[in-house]
Amino acid sequence: MSDVVAADELRLLIERAERLEEEKRGIADDIKDVMAEAKSRGYDVKAIRKIIAIRRKKREEYQEEEAILDTYLAALGMR
């Protein structure tokens, strides 16, 4: 591969990554807006974020994490 072709390919890859980063920032701003709206309507944003994190996981993975957490809390006298 010649240096000119490699440089062009590298430039295109970088520009593509930059566009994706820009889109990611836009999506992050949209998510902030949704959370601000939820908060203004009286919802607990921390709870919403926790629910979203839980929904991302497989059911079995979440259940295992909860079982471990329950075991640890019980061991500490917190349950």
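The values are calculated or read from the model by the stated rules, or taken from the named source; none is laboratory data. Bear in mind that the values here come from a model prediction, so they are computed numbers and not experimental data. Cβ coordinates were reconstructed from backbone atoms using ideal geometry, including for glycine residues, and neighbour counts include every protein chain displayed. Keep in mind that these areas ignore ligands, DNA and RNA; they rest on the heavy atoms of the full protein, side chains included. Shrake-Rupley method; radii C 1.70, N 1.55, O 1.52, S 1.80 Å.
I need the Kirkwood Rh of region 38-79: take the reciprocal of the average 1/r across all distinct C-alpha pairs and report it in angstrom.
11.9
Within the accessible area of region 39-79, what % is carbon and sulfur when the probe is 1.4 Å and the other protein chains stay in place?
54
Taking the chain as a Gaussian network, where each spring joins two C-alpha atoms under 10 Å apart, which residue of Arg11, Arg19, Arg41 fluctuates the most?
Of Arg11, Arg19, Arg41, the Gaussian network model singles out Arg11 as fluctuating most.
Just the accessible area per residue of the chain, please: how many Å² with a 1.4 Å probe?
Per residue, the chain has an accessible area of 93 Å².
When the chain is fully extended, how far beyond the present Cα-Cα distance does Lys24 get from Ile52, taking 0.36 nm per residue of separation? Don't skip to the answer; put the middle values down first.
Details: separation 28, 0.36 × 28 = 10.08 nm, distance 1.79 nm.
In short, 8.3 nm is gained.
Match the structure shown to one of the listed values (1) 33, 20, 16; (2) 36, 24, 21; (3) 66, 35, 21 of Cα extents along the principal axes in Å, computed from it, and give that label.
Read-out taken from this structure: (3).
Compute, for the chain, the length of the dipole vector about the Cα centre, with Cβ point charges of +1 (Lys, Arg) and -1 (Asp, Glu) only. Units Debye, rounded to 20.
Dipole magnitude for the chain comes out near 600 debye.
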